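Shown next, in structure tokens, is the structure this report addresses.
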Amino acid sequence: MKNFISLILAIALIGCVKDKNAEQSISINYKFEITDSIRVNLLEELTLIDIEDGMFLAKKEGHSSYIIFDNTGNITSDIELKTNGPNAINMLYSAGFFEGKFTIMDLHRGLIQFSNDSEIINNIPIPEDYIYMHPYNRPAFKLGNKTAYYRPERDLKDWEDQEKFYQKYYNESLLEVIDPITKEVELKMEIPETSIYKDGDFHFLYHPKIIKKGKHWYLFLMAEMKFYIYEEQGEDLIFKESASLNVKDQIPFPKASFQNSPELFLKLEMVVPSMIEQLYVIKDKIILIYKKGATEKIVKNYDRENQVEWMDFLESFPKYAAVFDSDYQLLQDDIELPSGTISTPIVNKEGQIIIQKNQRLLGEEDWNTFYLLKLIDGNKTK
């Protein structure tokens with residue numbers, strides 16, 4: 001069980017249309033430059049979660065404390081979720097801004113929205129008896145006049161039969177959509193048939209991450225170095241195409257047959273697979289942040305049982321960026337990001353990506369430092 005928990009921690013850190021870029025990598029001359037930084041004077045380590053109108057949302061250490069700060073690092077709100085009493089939060093699965101308000105998905109009460117003074121101002125219940133397999137990157141999205149959120153699990157009767165459970169799980173839609181007036185619920189966003197999760201083998205959980213930008217929705221899954229593009233049409237999400245990232249020296253995510261599913265976890269003990277960490281939409285470009293992982297030869301030099309050593313190893317992996325154009329053609333990959341930094345899901349209106357100084361690797365300070373990265377075309381600066 002201890003090894004399994006370490007494995008989960010490692011994973012957390014880390015149609016018929018033919019995939020674009022299946023064999024393509026075009027070298028241009030993009031690079032990232034640090035244009036500015038934000039210093040937040042708080043001793044506790046922060047995890048940056050979301051941005052809305054220039055205001056940043058971050059989680060403190062633990063599960064119930066959040067702050068909102070501006071682009072100067074000034075803390076404007078300190079939100080403490082209640083853990084007991086009539087308004088206690090039972091279990092928080094995701095947090096972020098939704099319709100301009102700090103919002104969470106709770107274990108029993110659905111979507112809950114708060115004022116900047118930690119008071120509950122709205123509750124959007126969802127059908128009961130649900131559970132989430134893991135945290136998600138957003139609590140909710142708008143889809144037309146309805147509210148969409150990651151589909152929770154409601155039927156675990158086949159949990160003991162892992163093959164039966166996962167075969168159904170891999171074929172379920174990713175989003176549940178609720179009508180705010182009728183309270184009717186429907187499912188949206190099916191995983192395309194080109195996904196490896198449809199190949200009949202066992203790949204564990206798919207840990208989906210969805211990014212919405214205007215009428216376009218982007219999806220990537222844990223075991224794949226690719227992303228999917230959907231188009232919002234009314235209250236429907238139509239799958240349009242997918243784009244693959246085939247970088248050199250990447251470590252494919254292992255798989256196993258359903259008849260021998262424990263083999264997957266044995267394989268994951270031996271390597272650290274490549275994984276996409278973030279996807280950003282910046283004007284006419286898509287940027288992916290990813291890690292290439294590590295081979296068995298490298299992994300065997302580190303002790304998974306030693307939590308500090310193993311986490312330092314995982315966090316020391318170089319981070320890279322890949323740039324795609326608006327037609328999802330790869331322009332350049334393997335653009336190295338500043339070492340000793342943590343990626344975040346945040347990009348501001350100026351198209352600057354926000355990354356965080358990793359104090360475990362670069363030395364502890366009494367504050368949190370965030371860097372603003374801008375994508376530069378090196379050919380135009382010569």
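Annotations for the structure displayed:
- The stretch 108-119 residues that are under 17 Å from ALA148 (Cα atoms) and open to solvent by less than 30 Å² (accessible area, probe 1.4 Å), paired with ones that are among the hydroxyl-bearing types (Ser, Thr, Tyr) and part of a loop (DSSP other than H, G, I, E, B) (beta carbon under 9 Å, 6 or more apart): GLY110/TYR130
- Against the test of being buried (at least 16 other Cβ atoms within 10 Å of the Cβ) and either modelled with pLDDT of 95 or more or among the β-branched types (Val, Ile, Thr) (or both), the options ILE8, ILE49 yield a single qualifying residue, ILE49.
- Condition check for ILE191: assigned to a strand (DSSP E or B), open to solvent by less than 40 Å² (accessible area, probe 1.4 Å) and over 17 Å from LEU264 (Cβ atoms): no
- Unmet requirement for ILE89, which otherwise passes all of (1) farther than 26 Å from HIS207 by Cα; (2) open to solvent by less than 60 Å² (accessible area, probe 1.4 Å); (3) modelled with pLDDT under 95: (1)
- Hey, TYR66 within 26 Å of LEU43 (Cβ to Cβ), over 18 Å from the mean Cα position of the chain (by Cα) and of a type in the set (Phe, Trp, Tyr) or not: yes
- A single entry from PHE227, PHE220, PHE204 fulfils the requirement of being buried (at least 20 other Cβ atoms within 10 Å of the Cβ) and touching a helix residue (DSSP H, G or I) at 6+ places or on another chain (Cβ under 8 Å): PHE204.
- Those strands (runs of 3 or more DSSP E) of the stretch 84-177 in which 2 or more residues are among the hydroxyl-bearing types (Ser, Thr, Tyr) occupy 92-98, 146-150.
- Strands (runs of 3 or more DSSP E) completely within the stretch 256-343 that count 2 or more residues being touching an Asp or Glu at 6+ places or on another chain (Cβ under 8 Å): 285-291, 320-324
- Here ILE238 passes the criteria (1) open to solvent by 50 Å² or more (accessible area, probe 1.4 Å); (2) under 21 Å from LEU205 (Cβ atoms) except the one numbered (2).
The values are calculated or read from the model by the stated rules, or taken from the named source; none is laboratory data. Given the structure is predicted, the values throughout are model-derived calculations rather than measurements. Note that we place each Cβ from the backbone using ideal geometry, even for glycine, and neighbour counts take in every protein chain shown. Side chains are part of the model used for accessible areas, which takes the heavy atoms of the whole protein and leaves out ligands, DNA and RNA. Shrake-Rupley method; radii C 1.70, N 1.55, O 1.52, S 1.80 Å.
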